[in-house]
Amino acid sequence: MQHELNEAYDDSLRASALRLLPLAVHDLRERDHGVDRLIVSGDREDGDGDEDDFPRDGVKHDASFTYFVRDQAGTLVLRDEHARDDIPAGEPPEGFGELDGQRTFALDDLRSGYSIVIIELSDRRVTALRDSVAALGLPLLALIPLIAGGVWLAMRLALRPLEALRHDIAQRDSRNLEPLHSDRHPAELAPIADAVGALLGRLKSALDAERAFAARGAHELRTPIAGALAQTQQLADELAGKPEIGRVREIEAALKRLSQLSEKLLQLARIEAGFAKADSEIDQLPALKMVVRDINASTAWRDRVRFDPGAAETLPAAMDPDGFAIVLRNLIENGLKHGAPTAPVRVLVGPANTLHIQNEGAPLDPAELAQLGRPFVRGGTTADGSGLGLSIARGIIEQAGGSLALSSPVPGTTSGVEAVIKLPRREAQ
């Protein structure tokens, strides 16, 4: 921009010289006065005694440039009132030049021998450059938010296929290892989708083999464990009152723990198979009453479960009733095992399709409470257990689309633990 402005102002100086020199030569030839030097002014007389000696009021002199004219001998014969009269002859040279930091243009008239020098006085070049930069820069500054928005939008559109691939990968978990479909992605991302799909296929094969082994192993163990337990109980009856009965009872207790563990492993295998989710809502209240009745009637915790349905006549949830029964049984048994020895466990139907299971006992430390729910993790308790019940319950309820939250102490009290089940609804899914 500065280069173009300099060219424009240089052309203006040259054009001014080309226009003024012929006029000055004509004026000098027409004058017959004996004035050695003419001084041209816009507001005072020039001293030659003719009619142009009168002031020209109201006409502002343009001081953006000045000039002077020399004759063939280099004598100053005509100058503007702003021009210096002490400039040595031969300065500045013909053409464009510099004089005391000011741009000049000198032009010679070969026929008359006169020469003219145009000197730029003002800082118009700097002002024009500054104004031009401001005129162009300020709108560009105002456009920066729009440019940033355009860049953001362009990047969003360009990264949309990558976001779709990320979403497809994020949907894959231990229960969904279906291969990715590369035909839905651009050619640049298709190899990545194929590679991830192949990896998921190998992982699915490995997990399926592991799940099948665990399920079959647990199933195959049930019969021999049950047989060994029956034989041990028969042996305990035969050795009743003898010194060896203590060791037999220890073997019986170990077999019972092994039987419970195999049952939990089978439940884990069923979770991996994805049985908990239902396509339609099912009333879970009959299953809830059945589990409570069964625990109160046929276990060692006889009549220690208190059920309060509140105002609920139904308990709809989009999950398999068998899965709901497993969740409920595990949570109630946990409450009975780890709560106060003789205190009841309360099962309450709450608002917003929730179920609350509360027990009494010493409150849990927040750090310990945060660890509960992980497989084989048990709190600071001496009660029997495998550390799988809470993990199984959480896995089933989350697979169905609900949630399980633990808190200690029970809200409104200073003791106990509360498990809150948020049952899944079909419309929420």
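Read-outs throughout are calculated quantities, based only on the coordinates presented, and are distinct from any laboratory measurement. This one's a predicted model, so the numbers in the text were calculated from it and none came from an experiment. Counting neighbours? That spans all protein chains shown, and the Cβs are built from the backbone with ideal geometry, glycine included.
Things to note:
- Taking 22 Å as the limit for the C-alpha separation, the pairs 204/256; 256/337; 277/422; 242/337 exceed it in the case of 204/256; 242/337.
- The stretch between residue 176 and residue 14, if pulled fully straight at 0.36 nm per residue, gains 50.1 nm over its current Cα-Cα span.
- Our estimate of slack between residue 352 and residue 403, defined as 0.36 nm per intervening residue step minus the Cα-Cα distance, is 17.1 nm.
- Under the simplified labelling scheme, the residue 187-residue 1 pair shows an inter-label distance of 4.4 nm, with each label point 7 Å from Cα along Cα→Cβ.
- Amide H within-cut-off set for residue 305, under 5 Å, with H built and near neighbours excluded: 345
- If R0 is taken as 51 Å, the Cβ-Cβ distance between residue 365 and residue 138 corresponds to a FRET efficiency of 0.20.
- Between residue 244 and residue 195, the simple label model (points 7 Å from Cα in the Cβ direction) yields a spacing of 6.6 nm.
- For region 276-422, the equivalent ellipsoid derived from the alpha-carbon gyration tensor has semi-axes of 23, 17, 15 Å in decreasing order.
- Protection proxy ranking for 106-113, 395-402, 190-197, using the average of other Cβ atoms within 10 Å per residue and placing the highest first: 395-402, 190-197, 106-113.
- Across region 276-422, the mean sequence separation of Cα contacts (distance under 8 Å, 6 or more residues apart), normalised by length, yields a relative contact order of 24 percent.
- Where only alpha carbons of region 84-137 are counted, the Rg and the Dmax (Å): 15.2, 49
- Amide H to amide H, with H built 1.01 Å from N, residue 318 comes under 5 Å of 282, 425, 426, counting only residues 5 or more places away or on other chains.
- Spin-label model, residue 425/residue 337: points 7 Å from Cα along the beta carbon direction are separated by 3.4 nm.
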